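What follows is a single structure, written as structure tokens, with notes after it.
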Amino acid sequence: MKLQYANLTDQCGSFEEYDGHVVHGLVTEDNKVALATFIHRRSAGLQTIDGATLESGGGCRITLPNGSDHASFSVGMLLSSMMSQKFAAIFGDSKLALGGGKTVVFTHNVPEVLGDVRVNEVRQELWRAFAEEILARINTYLTSFDMGMTREDLEYIACYAPRGLVIGHRDGTDPSPVTADGVLLALEETWRMYGDDGDDVAALYEKQTFALQGIGNVGFALLSRLLERGVRHITIADTNAQSIERARRLDGDIIRVVEPDAIYGVKARIFMPCAKGGILNSRTISNMRSSTNMIVGSANNPLAEAFDGIRLYRAGIIYAPAEVANAGGAIDVVCNATGKKSADELHRITDILRHVYKESDFFDEAPSEVINRITRGYIEKLRPAA
């Protein structure tokens with residue numbers, strides 16, 4: 001598969017999600033987009049221990065093969081914008097706050113990239129071109145894990161990328177476990193603020209019912225931690241049968257499995273979305289409102305539209321904004337790049353979430369609206385992508 005670089009920014013200007021993005025792409029010989037990197041904003045520059053200067057960051061995602069160009073462009077712009085918001089929410093206007101970025105593989109155009117990178121030569125060609133034509137060209141964008149990626153993928157990209165622009169391929173640098181740790185911190189803070197007995201965190205795990213959607217890298221780590229903390233009632237769902245079987249082996253007596261779309265109707269007090277975004281809408285919220293009153297998870301952008309955050313609030317369901325709840329991975333990536341310890345920075349999640357909840361209560365405003373208001377000013381201080 002022969003790939004060449006193309007600036008795809010002009011193709012995105014008419015999209016609703018467009019917000020000054022610069023879009024770098026790889027296209028095939030018949031001019032189909034194979035991969036695109038979306039840069040939303042740039043910081044003043046963060047020096048890494050490897051000698052690189054970072055201005056933006058965000059993971060690399062492999063989409064499902066039944067997608068489309070329009071959907072892939074939309075999700076790339078949406079998620080890169082959300083990365084700017086996530087960095088702003090957690091790091092404010094400090095030097096650690098990068099601009100948002102995201103890389104998306106347009107799998108529907110190049111389905112032959114699916115498979116193990118160790119034996120799939122087409123996938124190898126894609127990653128080499130990504131490293132040499134996009135990462136080297138931007139030279140300030142840090143990438144790491146996202147949906148569909150493996151450590152072997154990142155190792156291959158790192159072989160050809162400029163030093164310091166790939167995180168997650170070395171021992172101890174997979175951000176998934178730290179993302180799960182951050183979700184639990186967000187869950188516990190939500191319980192302290194709104195639980196029956198907020199001071200009794202043990203009761204949260206031992207007495208409450210959970211529904212967990214998505215058993216990927218983060219979802220599996222989260223499930224393991226929930227069971228370790230004494231959770232006795234948990235229902236899971238995933239479209240991948242292998243992921244379900246892997247999860248069952250943790251504790252088949254406690255874990256209940258339902259079909260993917262049935263997870264919204266499960267009688268669970270705490271719903272934890274850890275798969276794709278856009279799943280909280282009028283229909284799913286209506287299904288959950290009779291039993292669920294807390295939503296805390298690792299999924300990026302789980303709200304189908306901004307109003308769904310208000311819809312949840314009006315339904316009496318406490319929603320921990322994803323920009324904060326799943327920020328453990330972003331914290332870990334920045335810490336690994338700069339030589340800091342993630343454990344020393346995870347408190348930022350509980351600090352900002354407590355602030356969001358207090359403002360939500362005081363102003364009678366949905367938490368999703370509060371975090372938008374808080375981060376808007378910080379994002380405006382970042383440099384444009386162009």
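What follows is calculated from the coordinates using simple rules that are stated; it is not laboratory data. The structure presented is a predicted model; accordingly, all values stated were derived computationally and were not measured. Cβ placement follows ideal geometry from the backbone for every residue including glycine, while neighbour counts extend to all protein chains displayed.
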> Can you run phi through the Karplus equation (6.51, -1.76, 1.60; θ = phi - 60°) for region 174-179 and list ³J(HN,Hα) in whole Hz, with x for Gly and Pro?
Replying inline: 5, x, 4, x, 6, 4
>> With 10 angstrom as the radius, rank LYS102, LYS32, LYS276, LYS341 by how many other C-beta atoms surround their C-beta, starting from the fewest.
In response: LYS341, LYS32, LYS276, LYS102
> Over region 4-173, what relative contact order in percent results from Cα pairs under 8 Å that are six or more residues apart?
Replying inline: 24
> About its Cα centre, how strong a charge dipole does the chain have in debye, to the nearest 20, once Lys and Arg get +1 and Asp and Glu get -1 at the Cβ?
Replying inline: 180
> Using alpha-carbon pairs under 8 Å, 6+ residues apart, how would you state the relative contact order of region 176-380 in percent?
Replying inline: 22
> When the helix-only estimate is applied to the chain (DSSP H runs of n ≥ 4, each -39,500 (n - 2.57), divided by the residue count), what is the mean residue ellipticity at 222 nm, nearest 500 deg cm²/dmol?
Replying inline: -12000 deg cm²/dmol
> Under 5 Å between amide H atoms, partner at least 5 residues away or on a different chain: which partners does ALA34 have, H built in plane at 1.01 Å?
Replying inline: LEU26, VAL27, THR28
>> Could you tell me the center-to-center distance, by alpha carbons, between region 226-258 and region 322-378 in angstrom?
In response: 28
>> Please give the charge dipole size of region 66-119, origin at the Cα centre, charges +1 on K and R Cβ atoms and -1 on D and E Cβ atoms. Round to the nearest 20 debye.
In response: 220
> When Lys and Arg each count +1 and Asp and Glu each count -1, what net charge do the other residues less than 13 Å away from VAL356, Cβ to Cβ, add up to?
Replying inline: -3
> Residue by residue, what Karplus-based ³J(HN,Hα) values in Hz, rounded to whole numbers, does region 291-304 have, using 6.51, -1.76 and 1.60 with θ = phi - 60° and x for Gly and Pro?
Replying inline: 10, 8, 9, 9, 10, 9, x, 9, 5, 7, 6, x, 6, 5
>> Can you tell me which of PHE220, PHE87, PHE307 moves the most in a GNM of the chain? Springs connect C-alpha atoms under 10 Å apart.
In response: PHE307
>> Connecting C-alpha atoms closer than 10 Å in a GNM of the chain, tell me which of GLY100, GLY67, GLY148 has the biggest fluctuation.
In response: GLY67
>> Under 10 Å, Cα contacts only: if you run a Gaussian network model on the chain, which one of ARG61, ARG376, ARG348 comes out with the highest mean-square fluctuation?
In response: ARG376
> Cα centroids of region 61-94 and region 99-121: how far apart, whole angstrom?
Replying inline: 16
> Could the peptides 10-16, 22-28, 318-324 be put in order, highest first, of the mean number of other beta-carbon atoms found within 10 Å of their residues?
Replying inline: 318-324, 22-28, 10-16
> At each listed q (0.08, 0.10, 0.13, 0.14 Å⁻¹), what is the log10 of I(q)/I(0) that the Debye formula gives for the chain modelled as equal alpha-carbon point scatterers?
Replying inline: -0.38, -0.61, -1.06, -1.23
> Dipole size in debye (nearest 20) for region 4-173 around its Cα centre, Lys and Arg Cβ +1, Asp and Glu Cβ -1?
Replying inline: 500
> Taking other Cβ within 10 Å of each residue's Cβ, how do ILE317, ILE138 sort, fewest first?
Replying inline: ILE317, ILE138
>> Tell me the relative contact order for region 136-210 as a rounded percent, counting alpha carbon contacts under 8 Å between residues six or more apart.
In response: 21
> Residue-wise, which Karplus ³J(HN,Hα) couplings in Hz belong to region 23-34, taking 6.51 cos²θ - 1.76 cosθ + 1.60, θ = phi - 60°, and x for glycine or proline?
Replying inline: 10, 9, x, 10, 10, 7, 4, 9, 6, 8, 6, 9
>> Which one, PHE106, THR338, GLY164, projects farthest toward the positive side of the charge dipole computed for the chain from Cβ point charges (K/R +1, D/E -1)?
In response: THR338
> Between CYS159 and ARG225, what length comes free when the chain is fully extended (0.36 nm per residue of separation minus the Cα-Cα distance, one decimal in nm)?
Replying inline: 20.5 nm
